[in-house]
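The values are calculated or read from the model by the stated rules, or taken from the named source; none is laboratory data. Remember, predicted model here, so these are calculated numbers, not experimental data. The protein model used for the area step is the full one, side chains on, heavy atoms only, and it has no ligands, DNA or RNA in it. Shrake-Rupley method; radii C 1.70, N 1.55, O 1.52, S 1.80 Å.
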Amino acid sequence: MLEIWNRLASDQALILAFVAVGAIMGVSLLISRGLTRGRIHASAIAILGALALAWLGGELTGGKKGLADVSGFGGLALLGGAMLRDFAIVATAFEVDVAEARKAGWLGVMALALGTLVPFVLGVGIAWGFGYRDAVSLTTLGAGTVTYIVGPVTGAALGASSPVIALSIATGVFKAVLVMIATPFVARLIGLDNPRSAMVFGGLMGTVSGVSGGLAATDERLVPYGALTATFHTGIGCLVCPSVLFLAVRALA
């Protein structure tokens, strides 16, 4: 049996990765429905569970790829890689109704600008408060507050240290989970019930996973619109954080 399992894990690693992710999502869905009555989306619970499993995988193997370092789960390295991640983000945007998307107009553009600058400044301020003084680290941590994708992209471009890049990713993941959990609770208060408000919300929050999960728990029809501007937000962050914003931080620091 062990030989059969090893052969299966080697030849069908990606399929087993899909099975593992499906199992995590299934359990998370049961927890979401049974314990929180849908108020906390299953995606948020799944992210927390996946982080715990990644930590456990690293502890068991001493590796750097989390659960993918455990024998039989190597396919998670490909499934969780940039290629499939970006494919999923692009595929989500194909559900957007262009006529509805145009209604966001300049309000959507302003949301994108504010959604990039405000968290970046906040992240830089917090990093400064914790003792970071060099422009590279400050910019990388500020970029991580924008999204957990912008942080490592900025850190790699500027030559930040591995601990700082890891911290920027952790900051972005925390933001994503926070947005995912909080969205259903504040949706009614902020009028998050139509495509235009969803696009503005996506531009302000920026995190694709957080916005998508939060909107799915609020109204799944709004997911493509929030994800669209959130995706633009990620692209803008990757463009301006290691360039314009880095120069600004270096001038001030």
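Worth pointing out:
- With every protein chain in place, region 147-190: carbon and sulfur % of accessible area (1.4 Å): 74
- If you take the Cα centroid of region 118-132 and the Cα centroid of region 161-239, the two points sit 20 Å apart.
- Identified option (computed Kirkwood radius over Cα pairs in Å; candidates (i) 17.5; (ii) 19.2; (iii) 18.3): (ii)
- Mean separation of Cα contacts under 8 Å, 6 or more apart, over the residue count of the chain: relative contact order %: 19
- Prolate/oblate/rounded call for region 124-163, Cα gyration tensor, a/c under 1.5 rounded: oblate
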